[in-house]
Amino acid sequence: MKLSRPKIVALVALAVAIVIGAVVALRGSKQDAAKKDEKAAGAKPALTVATTVPQRVPLPVRLSANGNIAAWQEASIGAEAGGLRITEVRVNVGDRVEKGQVLATFATDTLKADLGQAKAALAEADAAAADAAANAERARSLQQTGALSASQINQYLTAEKTAQARVQAARAAFDVQQVRLTQSLVVAPDAGMISARTATVGQVVANGTELFRLIRQGRLEWRAEVTSAELGKLAPGTTASVTAASGARLAGRVRTLGASVDPQTRTAIVYVDLTPLPGAANASARAGMFARGDFELGSTPALTIPQSALVLREGFSYVLRVNDDQRVSQVKVQPGRMAGDRVEIGEGLPAGARIVASGGSFLNDGDLVRVADTAPAPAAAASRASAAKPAASR
């Protein structure tokens, strides 16, 4: 029997459908079997991790503050003799000078002429005093003979005393001119650094005109601003580490505390003597710079973890705790002080909890992990934290 064309097409379509259904059924059975095998064998870990446990170690307590660097003491060096012309300026701003070093010189022609005149006046007074002394001596020898009256003898004796007084006045005038001659040299009153200069060659200055400013002994101080509550934590001798705006690092020690608190800002000034730390960059610290620093207030025990164990997500800090079933749980923590590679954490994490030491950013809450090693011994972690250099924290 001959089949029509529509029947043939229908039979072919039915055969194709039967084949496709068989293939799909076979593939589904294979997938179900694979799932059953995977479930039987256990889920695949998302990551192989190393774990650690929080350790309680001593961490430094620091008080942070801001302030300005200033000169310890600044000396004003001026002209002692007025009306003189500057002939030479030997130093400039930034130069280091020694005590007694000549900074500038004045013209001495007028001073030398005045000194010569005073010297001549002194010689004249000495001669007049010698003549008066001789006359007085003769008058005394004739006092008993009656050759001279009492009034004449008294005149000779008075002339002798007057001549002696004129000698003293002439000698004082001579000394004044000698002092003025020495004042033609402007010298440093102390060792230090020149911070300002107004002296110029050819300038005629008045008496007392400031020519230089000198930072005595080159010493700088940090004037830190602290609140009224923080002031009670500090005392003379407290050490500090200071970083200037230029990057210079300096060691400091509290010299004194401010005697009063600003009623507007409620802050007090703490005066800290500064000492540059070894390094060429420390020479960039200058008076007037802004600086921030930290006062060392001792240390207290704290629960710490490695910084690599912290995971930052959405502006918060987390650690990934490894549970007994080898799955991780995300725990929110509050980081605090830091020391070397360890950071303090607040409450919320037990001291014996195992956490992922690093690579936690690649894991999600509930992921299965494979633990590659065990947490380090508490003694080893504590020794590493104590050997690490402390970092600044409020």
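For E98, what is the net charge nearby, where nearby means another residue's Cβ is under 14 Å from its Cβ and Lys, Arg count +1, Asp, Glu -1?
Result for the neighbourhood of E98: +2.
Could you size up the charge dipole of the range 108-183 around its Cα centre, putting +1 on the beta carbon of Lys and Arg and -1 on that of Asp and Glu, and report it in debye to the nearest 20?
Value, rounded to 20: 120 debye.
Could you list T238, T275, T243 so that the one with the fewest beta carbons within 10 Å of its beta carbon is first and the one with the most is last?
Result, fewest neighbours first: T275, T243, T238.
Give me the net charge for the shell around R327: Cβ to Cβ below 10 angstrom, other residues only, Lys and Arg +1, Asp and Glu -1. Present the calculation step by step, with values, prior to reporting the outcome.
Values: positive: R321; negative: D324, D325, D365, D367.
Once positives and negatives cancel, what remains is -3.
Which one, V322, G298, Y271, is farthest towards the positive end of the dipole of the range 257-345 when Lys and Arg carry +1 and Asp and Glu -1 on their Cβ?
It is V322.
So for R266, R213, fewest C-beta neighbours within 10 Å to most, what's the order?
R266, R213
Since every read-out is calculated from the coordinates, none of them should be taken as a lab result. Quantities reported herein were computed from a predicted structural model and do not represent experimental measurements. All Cβ positions, glycine included, derive from the backbone under ideal geometry; neighbour counts span all protein chains shown.
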